[in-house]
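All remarks here apply to the structure that follows.
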Amino acid sequence: MTLLKRLLAVLVAGTLAAGCIPHPSPTPAPPATLAAAATPSSTALPTATTTATATATAVPSPTATATPSPSFTPDPVAGLLAGLSLEEKVGQMLLVGIPGLSFDEGARHAVSDLHAGGVTLLERNAESPEQLVGLLRQLQGVARLPLFVAINHEGGSIVRVQTGVTDFPNAMALGATGDPNLAYEVGRAGADELAAMGVNMNLAPVLDVNTEAANPVIGWRAFGGLPEEVAQFGAYFVHGTQDAGVIAVAKHFPGHGGVSVDSHLALPLVAAPAEQLWAVDLVPFRRAIAAGVSAIMSAHLAVPALTGDPALPATLAPAVMTGLLREQLGFRGLVITDDLDMKGITSQMSQAEAAVRAVEAGSDVVLVMGAGASEDATYAALLDAARSGRLSRARIDDSVRRILALKVRYGLFGPPERSLAVAGSPAHQALAQRVAEAAVTAVNAQGLPLAAGRRTLVISPQTLPAGSAAGDGWTLCGEEVRSRSAECRELLYNPASPADQARLLAQAVALATEYDQVVLGLWDADLQRSQRGDDTQFRLAEALAAAGTPLAVVAWHLPYDLAGAPAGAAALAAYGETEAQVRATVRVLFGEIPAQGRLPVPLG
């Protein structure tokens with residue numbers, strides 16, 4: 001640690017001990033016409049360590065004795081802010097990507113030359129917990145102020161560290177359990193593992209209400225399709241994350257769940273009227289604000305009911321990011337943009353111009369993941385805007401003050417390292433298995449359980465994890481079913497290839513009559529039908545059912561697939577493909593555990 005950082009740490013620690021860093025201001029009451037939509041659930045949340053608890057204290061009688069004046073303690077945030085140059089302040093507003101697994105010139109440039117306030121990690125940066133600890137130690141070592149280290153660690157397939165950590169099921173699986181306490185436990189356990197690696201910000205939870213079955217980018221990342229349930233599970237996840245000392249970032253404001261376009265590829269249009277937005281999409285964000293969420297991420301989608309402009313992304317709209325989020329909802333925390341490299345932005349303007357407009361609209365931090373020239377251009381554009389007066393010095397200071405306050409509040413100036421023993425620990429693995437087993441949902445239990453010791457044909461998407469016997473070609477699902485069958489064969493298909501699925505259709509139906517039972521795994525079948533008119537997986541299910549062999553259909557990814565399952569087939573929703581979820585689903589198929597979950601979204 002540099003001498004400057006040691007001095008800052010001493011100053012910050014002393015001020016925190018004196019209680020000078022306030023918690024976020026309480027959310028003001030919503031307008032009377034919106035009170036019903038704003039009312040939080042009566043279910044008590046776990047106590048958050050970052051939330052002050054009011055206690056009833058008797059008011060003392062007046063006395064003539066003079067009350068001593070409190071001793072003055074310097075505000076570390078004001079001191080830190082005053083010590084930064086304009087160039088450093090602008091850099092603090094950048095959350096950037098870095099090139100690779102090691103500390104190289106690109107990483108040094110982003111942190112030292114651009115004065116970046118934080119980095120966001122992708123798979124290209126994270127090989128293992130041990131490697132990540134070493135990389136982040138080097139990054140923090142060259143930063144003048146502690147860095148935000150952010151990562152997408154939502155659960156399921158949206159994780160960036162692929163080995164050495166616990167593979168928790170995704171948000172929709174949590175919603176299917178019906179138990180928000182599990183959202184708290186997973187939020188806290190996952191954050192404990194992140195903190196041990198040096199990560200202090202999780203770009204989660206997703207608070208989008210998935211009301212559109214054909215949504216290609218949210219889906220199982222959402223807790224469900226009902227606003228109150230998403231709000232409750234999201235608030236519990238926020239508390240768990242922040243109780244572990246990691247910053248939670250609720251996303252994607254004002255709500256990405258009701259569209260059928262991926263904002264990575266184009267600008268989605270939310271056609272809903274304002275009343276529907278308040279009654280559905282904004283409910284989870286209002287609850288998260290009341291729960292003390294520290295940061296909120298914007299969405300790159302057009303919301304003309306809020307802006308009057310069908311081509312203006314919410315990220316760049318002052319009416320949304322300031323008028324709605326700050327003034328009407330009373331959010332006092334950090335506002336972060338989604339990645340400005342997405343087509344929802346770059347189809348209209350450069351990242352650099354979008355960064356300036358995002359700050360004008362109300363964002364504090366701009367996320368630029370390109371790692372290289374795009375980050376340089378974004379930094380230069382923000383700095384030019386500050387120097388020219390397009391962005392006032394007061395506006396820059398407002399954002400940097402919030403950035404510094406959050407770094408102080410979460411102890412980023414203190415000792416950063418924790419034991420890595422928590423990453424992938426047996427207790428966390430057991431929690432992941434418990435969630436997976438509580439989530440599996442029987443939409444149709446007819447024909448269950450399957451009979452052990454019989455001949456079983458398994459048809460699986462190639463996206464499932466491989467079995468434990470490396471190189472034998474079986475998925476984990478096939479391997480688990482094989483261990484319970486007298487004879488077993490597994491056919492694999494590529495869910496992204498209509499031609500491969502057509503091949504399977506011809507092969508599988510002929511084989512089905514040679515077996516006593518069939519397990520068919522669907523993968524985004526409903527999404528493929530709605531996005532590109534391909535219904536091959538559903539035709540396969542109907543043909544197998546017509547063949548007469550008992551059939552069990554598993555929707556591995558999205559439960560919407562089960563709306564197209566044959567009426568006479570058993571139907572299970574697994575909500576994801578982690579190893580815990582695969583094992584739990586096979587156990588339910590064979591009656592070893594009951595199906596405990598319930599659908600968190602309607603099937604139509």
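Filter segment 194-214 for residues that are crowded, with 24+ Cβ neighbours inside 10 Å and touching a Ser or Thr at 6+ places or on another chain (Cβ under 6 Å) and give the result.
Result: Asn202, single match.
Looking at (1) small (Gly, Ala, Ser); (2) surrounded by fewer than 24 Cβ atoms within 10 Å (Cβ to Cβ); (3) at pLDDT 95 or above, which one does Ser157 not meet, given that it meets all the others?
(3)
For segment 140-198, give me each residue that is over 21 Å from Val230 (Cα atoms) and hydroxyl-bearing (Ser, Thr, Tyr).
Matches in segment 140-198: Thr163, Thr166.
Take segment 315-351 and flag every residue that is hydroxyl-bearing (Ser, Thr, Tyr) and either in a loop (DSSP other than H, G, I, E, B) or more than 18 Å from Met297 (Cβ to Cβ) (or both).
Thr337, Ser347, Ser350 - these are the residues of segment 315-351 that are hydroxyl-bearing (Ser, Thr, Tyr) and either in a loop (DSSP other than H, G, I, E, B) or more than 18 Å from Met297 (Cβ to Cβ) (or both).
State yes or no: is Ala432 surrounded by 16 or more Cβ atoms within 10 Å (Cβ to Cβ), of a type in the set (A, V, I, L, M), touching a Pro at 6+ places or on another chain (Cβ under 7 Å) and touching a residue at least 12 places away in the same chain (Cβ under 8 Å)?
It is true that Ala432 is surrounded by 16 or more Cβ atoms within 10 Å (Cβ to Cβ), of a type in the set (A, V, I, L, M), touching a Pro at 6+ places or on another chain (Cβ under 7 Å) and touching a residue at least 12 places away in the same chain (Cβ under 8 Å).
Taking segment 553-569, which residues are among the small types (Gly, Ala, Ser), crowded, with 24+ Cβ neighbours inside 10 Å and either touching a Leu at 6+ places or on another chain (Cβ under 7 Å) or at pLDDT 95 or above (or both)?
Ala555
Out of the residues in segment 196-220 that are outside any loop (DSSP other than H, G, I, E, B) and of a type in the set (A, V, I, L, M, F, W, C), state the one that is nearest to the chain's Cα centre (by Cα).
That would be Val206.
Working only within segment 346-361, note down all residues that are under 16 Å from Leu95 (Cβ atoms) and not β-branched (Val, Ile, Thr).
Scanning segment 346-361 gives Gln351, Ala352, Ala354, Ala355, Ala358.
Identify, from the list Leu147, Leu136, Leu132, Leu121, the residue that is surrounded by 19 or more Cβ atoms within 10 Å (Cβ to Cβ) and under 16 Å from Asp339 (Cβ atoms).
On inspection, the qualifying residue turns out to be Leu121.
May I ask you to list the residues in segment 435-474 that are touching a residue at least 40 places away in the same chain (Cβ under 8 Å), polar (S, T, N, Q) and closer than 19 Å to His557 by Cβ?
Within segment 435-474, Thr441, Asn444, Ser460, Thr463 meet the criteria.
Taking the residues in segment 507-538 that are of a type in the set (D, E, K, R) and surrounded by fewer than 16 Cβ atoms within 10 Å (Cβ to Cβ) as candidates, determine which candidate is farthest from Ala573 (Cα to Cα).
Restricting to residues being of a type in the set (D, E, K, R) and surrounded by fewer than 16 Cβ atoms within 10 Å (Cβ to Cβ), the top hit is Glu514.
Contact list please: Cβ distance under 9 Å, first residue in segment 568-590 and under 15 Å from Gly467 (Cβ atoms), second residue in a loop (DSSP other than H, G, I, E, B) and basic (Lys, Arg), pairs at least six apart or on different chains.
As it stands, the answer is Val586/Arg484, since those pairs meet every condition given.
Can you find a residue that is outside the structural domain of Gln242 (by TED's automatic domain parsing), farther than 27 Å from Asp243 by Cβ, charged (D, E, K, R) and surrounded by 15 or more Cβ atoms within 10 Å (Cβ to Cβ) anywhere in segment 448-470?
So far as segment 448-470 goes, yes, one or more of its residues are outside the structural domain of Gln242 (by TED's automatic domain parsing), farther than 27 Å from Asp243 by Cβ, charged (D, E, K, R) and surrounded by 15 or more Cβ atoms within 10 Å (Cβ to Cβ).
So that you can scan it fast, the table gives a plain yes or no per residue for (1) of a type in the set (Asp, Glu); (2) under 19 Å from the mean Cα position of the chain (by Cα); (3) on the phi > 0 side of the Ramachandran plot:
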position: Pro284; (1), (2), (3): no, yes, no
position: Ala288; (1), (2), (3): no, yes, no
position: Ala299; (1), (2), (3): no, yes, no
position: Ala305; (1), (2), (3): no, no, no
position: Gly308; (1), (2), (3): no, no, yes
position: Pro313; (1), (2), (3): no, no, no
position: Ala317; (1), (2), (3): no, no, no
position: Leu329; (1), (2), (3): no, no, no
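Going by what's in this entry, would Ala311 be described as assigned by TED's automatic domain parsing to the domain that holds Glu193, under 22 Å from Ala361 (Cα atoms) and surrounded by fewer than 24 Cβ atoms within 10 Å (Cβ to Cβ)?
Against the criterion (assigned by TED's automatic domain parsing to the domain that holds Glu193, under 22 Å from Ala361 (Cα atoms) and surrounded by fewer than 24 Cβ atoms within 10 Å (Cβ to Cβ)), Ala311 qualifies.
Looking only at segment 352-407, which residues are in contact (Cβ under 8 Å) with a residue 60 or more places away in the chain, outside any helix (DSSP H, G or I) and touching a strand residue (DSSP E or B) at 6+ places or on another chain (Cβ under 8 Å)?
Ser363, Asp364, Val365, Val366, Leu367, Val368, Met369, Ala371
With closer than 23 Å to Ala430 by Cβ, in the same structural domain as Gly83 (by TED's automatic domain parsing) and at pLDDT 95 or above as the only criterion, which of Asn152, Asn210, Asn170 stands out?
Result: Asn170 is the single residue among Asn152, Asn210, Asn170 that is closer than 23 Å to Ala430 by Cβ, in the same structural domain as Gly83 (by TED's automatic domain parsing) and at pLDDT 95 or above.
Of the residues that make up segment 411-418, is at least one within 23 Å of the chain's Cα centre (by Cα) and at positive phi?
Yes.
Could you check segment 424-502 for strands (runs of 3 or more DSSP E) lying wholly inside it with 1 or more residues that are acidic (Asp, Glu)?
487-493
In segment 537-566, what residues are within 20 Å of Leu450 (Cβ to Cβ), out of contact with any strand residue (DSSP E or B) (no Cβ under 6 Å at 6 or more places or on another chain) and touching a residue at least 60 places away in the same chain (Cβ under 8 Å)?
Leu540
The values are calculated or read from the model by the stated rules, or taken from the named source; none is laboratory data. The structure displayed is predicted, hence computed values, not measured ones. Glycine also receives a Cβ, built like all others from the backbone with ideal geometry; neighbour counts cover every protein chain displayed.
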